[in-house]
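To start, the structure under review is shown below, and the notes come after it.
The values are calculated or read from the model by the stated rules, or taken from the named source; none is laboratory data. The structure presented is a predicted model; accordingly, all values stated were derived computationally and were not measured. Positions of Cβ are generated from backbone atoms using ideal geometry, with glycine treated the same way; all protein chains shown enter the neighbour counts. When the accessible area is computed, the model is the full protein with side chains, heavy atoms only, and any ligands, DNA or RNA have been set aside. Shrake-Rupley method; radii C 1.70, N 1.55, O 1.52, S 1.80 Å.
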Amino acid sequence: MKSRKKIIIIIAGIAVCCGGIYCLLLKCFFYNKYNVHAQRAMLDTLSEKYDQEFELLSTEFVTKEVETKGTGYVHMWTYALQDTQGRQFHAYVRGYGLVEKGDGNFHAPDYFSYVDDTYGQLCIEESLDKKYDLSQYRQEKGSRLDETNWEDYLFACTKDNAAETAELLTEIYFRETEFSNGGCLKCLVNSEEGETLFSYYWWDITRELQKQEKEITEQAVYEYILQELRS
């Protein structure tokens, strides 16, 4: 009788240990809705980019089979958040693996490699809404799971509108520093044939002008972008 009771206790202990290990894996390893590394990477990235804290409203998680370099899977967390003014937006974290279920990553810093958000779009459109309708150029980030790089805006440049495109990107360059710590928006400028003419990112322009030992003024930024568009 005692040995039977002892066996039951041992089995119960093993079950509890297995359950604890599974919960640990669920939160710290498996790609799933409850992964704490993905959520932490997202919140820390937003805090660094925008120098403020955000309220997390909800979390969604999906897995999709993709064929980029061979068959694999993309795992994506979609977080709904709001800022202190109640403005809502989305943030995304992506992980990549070879299997649909059971894949994961213990290395927390790796989650920082694929974090993106729509807060920059929200702020820049609010800032420039009286001058430009940026919504017509906005890219819907969360709908393209299999792409590794998401731009915020896609512009088409022709010989006739190169100056206007450079002027718009110059406005974005100086306005985005009002709500971010320099560098949150990515813009792509294509030719009429779909060829990439210029890829805009705040830090890239800043570093290039610094390398040329030029003072960062509106005229200098405008001339640099226009030259890139016409080269």
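What are the residues in the stretch 134-176 that are part of a helix (DSSP H, G or I), within 18 Å of the chain's Cα centre (by Cα) and more than 21 Å from residue 223 (Cβ to Cβ), if any? Talk me through it step by step, then tell me what you get.
Of the residues in the stretch 134-176, the ones part of a helix (DSSP H, G or I) are 134-136, 141-143, 162-176.
Of the ones still in play, those that are also within 18 Å of the chain's Cα centre (by Cα) are 141-143, 176.
The answer is 141, 142, 143.
If the condition is being modelled with pLDDT under 95 and polar (S, T, N, Q), then the stretch 191-211 contributes 191, 196.
Specify which of the listed residues (196, 170) is of a type in the set (S, T, N, Q) and touching a helix residue (DSSP H, G or I) at 6+ places or on another chain (Cβ under 9 Å).
Details: 196 fails: touching a helix residue (DSSP H, G or I) at 6+ places or on another chain (Cβ under 9 Å).
The conditions single out 170.
From the list 152, 146, 133, 116, the one residue that fits, being free of Cβ contacts under 8 Å to residues at least 12 places away in the same chain and either loosely packed, with under 13 Cβ neighbours inside 10 Å or under 30 Å from residue 63 (Cα atoms) (or both), is 133.
Checked against (1) open to solvent by 30 Å² or more (accessible area, probe 1.4 Å); (2) without any contact (Cβ under 8 Å) to a residue 24 or more places away in the chain, residue 158 passes all but a single condition, namely (2).
Taking the criterion of being outside any helix (DSSP H, G or I) and closer than 16 Å to residue 77 by Cβ, the residues of the stretch 101-126 that qualify are 101, 103, 104, 105, 115, 116, 117, 118.
Taking residue 131, is it at pLDDT below 90 and assigned to a loop (DSSP other than H, G, I, E, B)? Answer is no for this residue.
For the stretch 177-198, name all the residues that are open to solvent by 70 Å² or more (accessible area, probe 1.4 Å) and either in a strand (DSSP E or B) or of a type in the set (Ser, Thr, Tyr) (or both). Once the filter is applied, which keeps residues that are open to solvent by 70 Å² or more (accessible area, probe 1.4 Å) and either in a strand (DSSP E or B) or of a type in the set (Ser, Thr, Tyr) (or both), the stretch 177-198 yields 186, 196. Contact map, the stretch 170-190: first residue on the phi < 0 side of the Ramachandran plot, second residue of a type in the set (Gly, Ala, Ser) and open to solvent by 30 Å² or more (accessible area, probe 1.4 Å), Cβ cut-off under 7 Å, separation 6 or more or different chains; pairs are 175/127; 178/127; 188/199; 190/156.
Within the stretch 161-176, the residues that satisfy the criterion of being of a type in the set (D, E, K, R) and open to solvent by 10 Å² or more (accessible area, probe 1.4 Å) are 164, 167, 171, 175.
Residue-wise test of (1) in contact with a strand residue (DSSP E or B) (Cβ under 6 Å, 6 or more places away or on another chain); (2) farther than 24 Å from residue 46 by Cβ.
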| position | (1), (2) |
| --- | --- |
| 162 | no, yes |
| 165 | yes, yes |
| 174 | no, no |
| 178 | no, no |
| 193 | no, yes |
| 215 | no, yes |
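Looking at residue 96, is it free of Cβ contacts under 8 Å to residues at least 40 places away in the same chain and open to solvent by 70 Å² or more (accessible area, probe 1.4 Å)? In short, yes.
Is it the case that residue 140 is under 30 Å from residue 31 (Cα atoms), open to solvent by 30 Å² or more (accessible area, probe 1.4 Å) and not hydroxyl-bearing (Ser, Thr, Tyr)? Criteria met by residue 140.
Selection within the stretch 26-39: residues that are open to solvent by 50 Å² or more (accessible area, probe 1.4 Å) and modelled with pLDDT under 95. The member of this set that is farthest from the chain's Cα centre (by Cα) is 27.
Just for the stretch 62-79: of the residues that are over 15 Å from residue 115 (Cβ atoms) and surrounded by 13 or more Cβ atoms within 10 Å (Cβ to Cβ), which one is modelled with the lowest pLDDT? It would help to see each step written out before you state the result.
Of all residues in the stretch 62-79, those over 15 Å from residue 115 (Cβ atoms) come to 62-73.
Keeping just the survivors that are surrounded by 13 or more Cβ atoms within 10 Å (Cβ to Cβ) gives 63, 66, 72-73.
Details: 63: 93, 66: 83, 72: 87, 73: 91.
The selected residue is 66.
Annotation note: Cβ proximity below 6 Å between a residue of the stretch 35-50 that is farther than 26 Å from residue 101 by Cβ and a residue that is open to solvent by less than 50 Å² (accessible area, probe 1.4 Å) and not hydrophobic (A, V, I, L, M, F, W, C) (sequence gap 6+ or interchain) occurs for 49/180; 50/180.
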